[in-house]
Amino acid sequence: MIFNDTVILHQYYLDRAKELVEKYKPKTVLKTDLDNEVYSSPIEGGIVGNLGNMDITAFDISHDLYERAVKLNLKAHISCGDIRKISDVEKYDMIIDLSTLDHVCKEDAIEVINNYNRALKPGGILLLIVWTADQDRGGDKQYWFKDIDKHLFDIIERKDDLYSVGDDILKEFVCQK
């Protein structure tokens, strides 16, 4: 399925997250950015506000997004944070990363993947959606992710080519610890 509209793509993010929550029934969830909650989600409350009644932690490196999320009074523990500094051990049943990992360089991203694995409880699920391309575009997004699957742990589902812009391709991976 290829999306050509970001509103439809963000609806897919929500639907996919809800589908995995229904399937795996997590009690504790980490959501690694607040953009969907604050700006991008077509549904009020974004991903966090529509996952149901569970213990959700959500953070963003942007203080502005943090402040906006706090004002939305989401049903989650909201904070400022950096995916490169996750130090939790076996705390979460699910981690949701919707194109957050592609904001860091390759070396940091590999460490983040290790952090995600460590932060998940045994049997925990990682929903990871990232941009890939043949070469780095520079700027805010990193596009080295063409070979990301060799750095991931226990891939149980994958979807290629969710969204494409030129040779920039959005891919989805579901990993289980």
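The values are calculated or read from the model by the stated rules, or taken from the named source; none is laboratory data. This one's a predicted model, so the numbers in the text were calculated from it and none came from an experiment. All Cβ positions, even for glycine, are placed from backbone atoms using ideal geometry, and neighbour counts span all protein chains on display. Note: areas computed on protein heavy atoms with side chains; ligands, DNA, RNA excluded. Shrake-Rupley method; radii C 1.70, N 1.55, O 1.52, S 1.80 Å.
Assorted remarks:
- Solvent-accessible area, 1.4 Å probe, carbon plus sulfur percent, for the chain: 47
- Taking each residue as 0.36 nm, the span from residue 176 to residue 164 lengthens on full extension beyond its C-alpha to C-alpha distance by 1.7 nm.
- Over 24 Å between alpha carbons, listed pairs 25/91; 27/171; 75/121; 27/146; 18/75: 27/171; 27/146
- Once C-alpha pairs closer than 8 Å and six or more residues apart are averaged by separation and normalised to the residue number of region 9-108, the relative contact order reads 32 percent.
- Ranked from largest to smallest solvent-accessible area, with a 1.4 Å probe on the protein heavy atoms, 78, 8 come out as 8, 78.
- Matching label, Rg/Rh (Cα atoms, Kirkwood Rh) computed from the structure shown, candidates [x] 0.93; [y] 1.62; [z] 0.99: [x]
- Site pair residue 44 and residue 70 shows an inter-label distance of 2.3 nm when each label is modelled 7 Å from Cα along Cα→Cβ.
- Beta bridge orientation in the chain: antiparallel %, DSSP, nearest 5: 45
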